[in-house]
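The values are calculated or read from the model by the stated rules, or taken from the named source; none is laboratory data. Small disclaimer: the values here were computed from a predicted structure and weren't measured. Glycine also receives a Cβ, built like all others from the backbone with ideal geometry; neighbour counts cover every protein chain displayed. Remember, those area values only see protein heavy atoms, side chains included, never the ligands or the DNA or RNA. Shrake-Rupley method; radii C 1.70, N 1.55, O 1.52, S 1.80 Å.
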Amino acid sequence: VSEFAALVGKVEHPELRTSSEQVALEGLALCEGHGRRCIGFLVGALHMAPRAGPEAVHDIVWMLYKLAKRSNMARSWILETGIAEILHAALVVHPDASDVIKNGTWLAYALDGIRGFASLLSKSRGGSP
């Protein structure tokens, strides 16, 4: 869809260009909606995952970290979910799972830089991570 959208700007025929722009916008909106759905799924799973064990939490946090690191749009969608509290809760439940703690820390940093990391630390005062 993004390739199609990039080509639309080069279309010379006015009617074809207008129609192509509309189709491209519709496609991009569908992609955005599905991207948000994927993020919502992962954050919802993270909210429920502490009961599933550290392996599930690790996989979810790792996926969210990779998405946040690679895409500004995904990062903003993740932040919109209010992930900080959910992430902190998941880390507190699994204080001995070093991979969970490591990836959770990197996720906090990928989402909001040093502020995200500092926020995670401040939430953890008196707790584990």
Exercise. What ³J(HN,Hα) values, in whole Hz, does the Karplus curve 6.51 cos²θ - 1.76 cosθ + 1.60 give for region 80-94 when θ = phi - 60°, with x put for Gly and Pro?
Worked result: 4, 7, x, 4, 3, 5, 5, 4, 4, 4, 5, 6, 5, 5, 10
Seminar exercise, completed: Mean accessible area per residue over the chain (1.4 angstrom probe, all protein chains present, square angstrom) is 63
Exercise. Expressed as a fraction of 2.2 N^0.38 Å, the rule-of-thumb size for a compact globular protein of N residues, what is the C-alpha radius of gyration of region 38-92?
Worked result: 1.02
Exercise. Hey, any idea what Rg/Rh is for region 1-74, computing Rh the Kirkwood way over Cα pairs?
Worked result: 1.23
Problem set entry | Candidate lysines - alpha carbon under 30 Å from residue 123, same-chain residues fewer than 8 apart omitted | 66, 69, 102
Seminar exercise, completed: So for R0 = 22 Å, FRET eff. of residue 51-residue 92 from the Cβ-Cβ r, to 0.05, ends up at 0.95
Problem set entry | the chain, relative contact order [Cα under 8 Å, separation at least 6], % | 21
Problem set entry | Simple Cβ-charge dipole of the chain, Lys/Arg +1 and Asp/Glu -1, about Cα centre, in debye nearest 20 | 440
For this session: Can you send over the carbon and sulfur percentage of the accessible area for the chain, probe radius 1.4 Å, protein chains only?
Result: 60
